[in-house]
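The values are calculated or read from the model by the stated rules, or taken from the named source; none is laboratory data. Keep in mind that what you see is a predicted model, and the values were worked out from it rather than measured. Positions of Cβ are generated from backbone atoms using ideal geometry, with glycine treated the same way; all protein chains shown enter the neighbour counts.
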Amino acid sequence: MTLARRGIARTAVTVTELGFGAAQLGNLYRATSDDEARAAVDAAWDAGIRYVDTAPHYGLGLSERRLGAALAGRPRDELVVSTKVGRVLEPSPATADRRDDQGFDVPADHARRWDFSRDGILRSLDDSLRRTGLDRFDVVYLHDPDEHWAQASTCGVDTLVELRDQGVLGAIGAGMNQSAMLTRFVRECDVDVVMCAGRYTLLEQPAAADLLPAARERGVAVVVAGVYNSGLLSRDDPAADATYDYATAPAPLVARARALAAVCAEHGVTLPQAALAFVRRHPAVVATVVGLRDAAQVHQTIERASAVVPDALWADLADRGLLGDHHLPLPA
């Protein structure tokens, strides 16, 4: 499979249509070894993936450290690396004997502190550069500012705009698990790209009603993450205990996912293959970031992304009430 590169409008940044999500390198849900992490990055590189996304939040810096080590020696100009700001990591020796309580299997030797101020963003970026060993970041997102709109949309955006205008950053934006506030960032702030996690998927498409039209109108790029809704769409036959939004999926959503899987099978494709194909067709979407833990997951993702998914599937899903007509993916 040859991965196309797509440009983020008004910037010189181009991303491969498939990106490497590095939350798992921070031991999301369970431990991942250093060898597994490096093998995943090596396999992604060999497959042509040149966009990688990380954050300080992922494993309290572990994802950034592992990613930096695995990328060392790679041609920097071929890579696009994004990280995030808004959570500053501070040493917490009093809790170092505990495990992190935000989903990562790491010691709680640091604490996250929300901070979208200029000083907080500059400190966060300096720390991220130190952890990764990189000379720069190509894309920086304001990370999950759900409860911090006032500061993130003013001080936060202004600081990132300043760094972008100085040439320190290539592109700036916000990354969230909702579409409504991302739409506000697109319409009200000077951003280049947004990362939307879980709100534009084969299972649900609220972003189709607000974010995606706004992004096309304003010329802002969209990166879609959480394409499997944190697990529910990741298997050919969704399990009863599948996860959705990082928790056990409600039974009605599992039933809906199974109904989607059954229709996909009638068209000769799997649910994960269709889930990837669905989001990648929308013209506002420049890349899909998939969480990858090891080389096997990389190979599996490339296979899924390479599958030919017939256009008739989307119409069939709509006819059966599983996909609204106005949510049909538009040809790119």
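Listed values, structure above:
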read-out	value
Residues of segment 143-174 satisfying the condition of being out of contact with any Leu (no Cβ under 7 Å at 6 or more places or on another chain) and assigned to a strand (DSSP E or B)	His143, Ala171, Gly173
Test result for Leu89, touching an Asp or Glu at 6+ places or on another chain (Cβ under 7 Å), assigned to a loop (DSSP other than H, G, I, E, B) and closer than 23 Å to Arg130 by Cβ	no
Filter result for the condition that a residue is closer than 17 Å to Ala23 by Cα and in contact with an Asp or Glu (Cβ under 7 Å, 6 or more places away or on another chain), over Ala171, Ala108	Ala108
Some residue of segment 287-301 being closer than 18 Å to Tyr51 by Cα, more than 18 Å from the chain's Cα centre (by Cα) and in contact (Cβ under 8 Å) with a residue 24 or more places away in the chain	yes
Segment 285-316, residues that are polar (S, T, N, Q) and crowded, with 21+ Cβ neighbours inside 10 Å	Thr288, Thr301
Matching helices (runs of 4 or more DSSP H) fully within segment 199-288 where at least 3 residues are farther than 29 Å from Val15 by Cα and touching a Phe, Trp or Tyr at 6+ places or on another chain (Cβ under 9 Å)	251-266
Whichever residue in segment 92-138 is in a loop (DSSP other than H, G, I, E, B) and of a type in the set (Phe, Trp, Tyr) and, among such residues, is surrounded by the most Cβ atoms within 10 Å (Cβ to Cβ)	Phe116
One residue from Gly7, Gly73, Gly19 being farther than 18 Å from Gln297 by Cβ and either crowded, with 18+ Cβ neighbours inside 10 Å or in contact with a strand residue (DSSP E or B) (Cβ under 8 Å, 6 or more places away or on another chain) (or both)	Gly7
Close pairs (8 angstrom Cβ cut-off, 6 or more residues apart or separate chains): closer than 23 Å to Val157 by Cβ in segment 60-86, part of a loop (DSSP other than H, G, I, E, B) and of a type in the set (Ser, Thr, Tyr) anywhere	Glu64/Thr54; Glu64/Tyr58; Val81/Thr54; Ser82/Thr54; Thr83/Thr54; Lys84/Thr54
Any hit, segment 239-260, residues being modelled with pLDDT under 95 and closer than 20 Å to Leu18 by Cα	no
Residues (touching a residue at least 40 places away in the same chain (Cβ under 8 Å) and more than 16 Å from Asp138 (Cβ to Cβ)) located in segment 19-36	Ala23, Gln24, Leu25, Gly26, Asn27, Leu28, Tyr29, Arg30, Ala31, Thr32, Glu36
Qualifying position, being buried (at least 19 other Cβ atoms within 10 Å of the Cβ) and among the hydroxyl-bearing types (Ser, Thr, Tyr), among Tyr58, Tyr29	Tyr58
Scan of segment 177-194 for residues that are aliphatic (A, V, I, L, M) and closer than 14 Å to Asp210 by Cα, ordered by number	Ala180, Met181, Leu182, Val186, Val194
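Residue-by-condition table, conditions (1) among the polar types (S, T, N, Q); (2) under 20 Å from the mean Cα position of the chain (by Cα); (3) exposed (fewer than 15 other Cβ atoms within 10 Å of the Cβ):
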residue: Val224; (1), (2), (3): no, yes, no
residue: Tyr228; (1), (2), (3): no, yes, no
residue: Asp236; (1), (2), (3): no, no, yes
residue: Ala247; (1), (2), (3): no, yes, yes
residue: Pro250; (1), (2), (3): no, no, yes
residue: Leu253; (1), (2), (3): no, no, no
residue: Ala257; (1), (2), (3): no, no, no
residue: Val263; (1), (2), (3): no, no, no
